[in-house]
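K.L.:
Have a look at the structure that comes next, please.
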Amino acid sequence: MSSRSAKAPDDRVVFLQQFLKHPRQVGSIIPSSRYMERRVVALAEVASARTIVELGTGTGGITRAILGAMAPDAKLVGIEINPRFQQLLTRVQDARLIPHFGSAEHLAEILREHQLPAPDAVISGIPFSTMGPQLGTRILAAIADALAPGGCFVAYQVSAQVARLARPVMGAPRRQVEFLNIPPMRLYRWDRARMAAPLQPAADG
Ligand SMILES: C[S@@+](CC[C@H](N)C(=O)[O-])C[C@H]1O[C@@H](n2cnc3c(N)ncnc32)[C@H](O)[C@@H]1O
């Protein structure tokens, strides 16, 4: 049995436990499948990115897939708000990974703290459908502000809420659906070059 398949059941248990404790924050009862991992990596064109941000690393499946596809001299900052998931990320031993315990909302400060340039790709699995719309809009504006001129934002979600919220900030996305994931998952990609200037987010909420 490979080390990956030996770890998978534990990860699913931890994921479910965290969902039961923080349903709105985790937003899903199981981690993304391998089909999703492959699709996210391809849609975000991870192989050609130098600086990558992942929002909501969870049990780290997508994180590992990104690391597996990215260049030897690229950097990945993984931002996770849940301390149990953040702890799980310490299992991933890779000098290119910068784990960060905190909220996606503070993306600009996090990039500054780690002295990282504007990201070429921001990849998000955070649940925009269960967070307040003002927080969601602030996070999306922070992403649009942070991206490199040629950068892209890839979000995956069961619901279409992220696309609705992002429309005034980022415009219309490219869309895909991964039917082999359980449940089927929507994927969206926005390119910074095609976005209007980001709106100023609301100050409260
Ligand atoms: C649906 S899970 C996705 C986990 C993993 N990326 C996957 O695909 O299996 C959402 C993740 O986003 C995290 N999260 C929720 N809100 C967040 C925020 N504001 N900042 C950073 N992470 C957040 C949750 O703790 C959880 O790990």
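The values are calculated or read from the model by the stated rules, or taken from the named source; none is laboratory data. Predicted, not measured: the structure shown is a model, and the values here were computed from it. Note: ideal-geometry Cβ built from the backbone for every residue, glycine included; neighbour counts use all protein chains shown.
K.L.:
Among the residues of segment 110-132, which ones are assigned to a loop (DSSP other than H, G, I, E, B) and away from the ligand (no atom under 13 Å from the Cβ)?
P.N.:
Listed by number, the residues that qualify are His114, Gln115, Leu116, Pro117, Ala118, Pro119, Asp120.
K.L.:
While we're looking at this one, here's another question. Tally the residues that are assigned to a loop (DSSP other than H, G, I, E, B), more than 14 Å from the ligand (Cβ to nearest atom) and over 19 Å from Pro119 (Cα atoms), restricting the search to segment 133-170.
P.N.:
1
K.L.:
Still on this structure, please answer the following. Looking at segment 29-43, can you tell me whether even one residue there is under 26 Å from Ala142 (Cβ atoms), surrounded by 22 or more Cβ atoms within 10 Å (Cβ to Cβ), within 11 Å of the ligand (Cβ to nearest atom) and acidic (Asp, Glu)?
P.N.:
No.
K.L.:
Among the residues of segment 68-82, which ones are more than 12 Å from the ligand (Cβ to nearest atom) and assigned to a loop (DSSP other than H, G, I, E, B)?
P.N.:
Within segment 68-82, Met70, Ala71, Pro72, Asp73, Ala74 meet the criteria.
K.L.:
For segment 147-176, give me each residue that is buried (at least 23 other Cβ atoms within 10 Å of the Cβ) and among the small types (Gly, Ala, Ser).
P.N.:
Scanning segment 147-176 gives Gly151, Ala155, Ala166.
K.L.:
Got a sec? Which of Val53, Val40 is at pLDDT 95 or above and within 19 Å of Glu178 (Cβ to Cβ)?
P.N.:
Criteria check complete, one pass: Val40.
K.L.:
For segment 53-67, how many residues are more than 10 Å from the chain's Cα centre (by Cα) and either closer than 20 Å to Ile143 by Cβ or in a helix (DSSP H, G or I) (or both)?
P.N.:
5
K.L.:
Against the condition of a type in the set (Gly, Ala, Ser), within 15 Å of the chain's Cα centre (by Cα) and under 19 Å from Ser28 (Cα atoms), how does Gly151 come out, does it pass?
P.N.:
no
K.L.:
Follow-up. The conditions are (1) within 19 Å of Gly58 (Cα to Cα); (2) at pLDDT 95 or above, and Ile182 fails exactly one of them. Which is it?
P.N.:
Just one mismatch for Ile182, condition (2).
K.L.:
Next up: Would you pick out the residues in segment 123-137 that are crowded, with 20+ Cβ neighbours inside 10 Å and either acidic (Asp, Glu) or touching an Asp or Glu at 6+ places or on another chain (Cβ under 7 Å) (or both)?
P.N.:
Of everything in segment 123-137, just one residue is crowded, with 20+ Cβ neighbours inside 10 Å and either acidic (Asp, Glu) or touching an Asp or Glu at 6+ places or on another chain (Cβ under 7 Å) (or both), namely Ile123.
K.L.:
Follow-up question, since we're still on this one. Within segment 83-109, restricting attention to residues that are within 12 Å of the ligand (Cβ to nearest atom) and in a loop (DSSP other than H, G, I, E, B), which residue is farthest from Leu135 (Cα to Cα)?
P.N.:
Ranking the qualifying residues of segment 83-109, first place goes to Gly102.
K.L.:
From the list Arg50, Arg24, which residue is within 11 Å of the ligand (Cβ to nearest atom) and among the charged types (D, E, K, R)?
P.N.:
Answer to the selection: Arg24.
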